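Worksheet: the structure to be examined is printed underneath.
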Amino acid sequence: MKDMTCPSPDYSGSGATIDDVVGYAEAYYEASRTLRCTTKRGKAPSYAPFRLCALHATELYLNAFLMHCGDSADRVRGRLHSLPDERFATILRLTKRTLQNLEDITLRREYLISRYGPEQAANQSPINRLEATLGEVRTKVRKHLGREICTPDTGGAEG
């Protein structure tokens, strides 16, 4: 029988670079866009996959930013889906509405509701607010990190 008393000191993501995290964020962002097309108005459960991907993408972009600011992967992982941070206002200059939505998402535990709480689905951010938050976070983090964003519609760079 294998000894389970001494877990490996390495955790998933311990060796991830900022580029790795941004790459994951982009993948979840694209998945959220695809899943958004599958939602059905008035059918809260149909929004759960979109919400989960959008929330995870938002968190990953913010994690990449925090790593860029010098936070270790262990410190970032220790945030446990807590999205507010004063640096998002002072350095990224996110709008008040987006900052408030990040706080609300954390207080309402929307990440967990999207995964496990269909009975609480009505207590989540409006879809348009979640989309706006993800869009602003994505744009400002990528700009701060010096990465161009090419929009699928135009093929051009976004600010």
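The values are calculated or read from the model by the stated rules, or taken from the named source; none is laboratory data. Remember, predicted model here, so these are calculated numbers, not experimental data. Note that each Cβ is placed from the backbone with ideal geometry, even for glycine, and that neighbours are counted across all protein chains shown. Note: areas computed on protein heavy atoms with side chains; ligands, DNA, RNA excluded. Shrake-Rupley method; radii C 1.70, N 1.55, O 1.52, S 1.80 Å.
Scanning segment 75-110 for residues being within 29 Å of Gly15 (Cβ to Cβ) and of a type outside the set (S, T, N, Q) gives a total of 20. Taking segment 48-114 as the region of interest, the helices (runs of 4 or more DSSP H) fully inside it that hold 3 or more residues being in contact with a helix residue (DSSP H, G or I) (Cβ under 8 Å, 6 or more places away or on another chain) and modelled with pLDDT of 90 or more are 96-107. Of all residue pairs spaced 6 or more apart or on separate chains, those with beta-carbon atoms under 6 Å, a first member in segment 117-143 that is over 19 Å from Arg97 (Cβ atoms) and a second member that is open to solvent by 80 Å² or more (accessible area, probe 1.4 Å) are Pro118/Pro45.
Among the criteria (1) in contact with a Leu (Cβ under 9 Å, 6 or more places away or on another chain); (2) modelled with pLDDT under 90; (3) open to solvent by 60 Å² or more (accessible area, probe 1.4 Å), the one Tyr24 does not fulfil is (2). Kindly indicate whether any position in segment 76-91 is open to solvent by 60 Å² or more (accessible area, probe 1.4 Å), free of Cβ contacts under 8 Å to residues at least 60 places away in the same chain and charged (D, E, K, R). Yes, there is a match, as at least one residue in segment 76-91 is open to solvent by 60 Å² or more (accessible area, probe 1.4 Å), free of Cβ contacts under 8 Å to residues at least 60 places away in the same chain and charged (D, E, K, R). Taken over segment 32-46, the residue count meeting the criterion of being assigned to a helix (DSSP H, G or I), in contact (Cβ under 8 Å) with a residue 24 or more places away in the chain and surrounded by fewer than 22 Cβ atoms within 10 Å (Cβ to Cβ) is 3.
The single condition among (1) touching a Phe, Trp or Tyr at 6+ places or on another chain (Cβ under 9 Å); (2) farther than 22 Å from Ala48 by Cα that Gly78 does not satisfy is (1). Here Ala73, Ala64 are screened, and the one residue that is open to solvent by less than 50 Å² (accessible area, probe 1.4 Å) and within 14 Å of the chain's Cα centre (by Cα) is Ala64.
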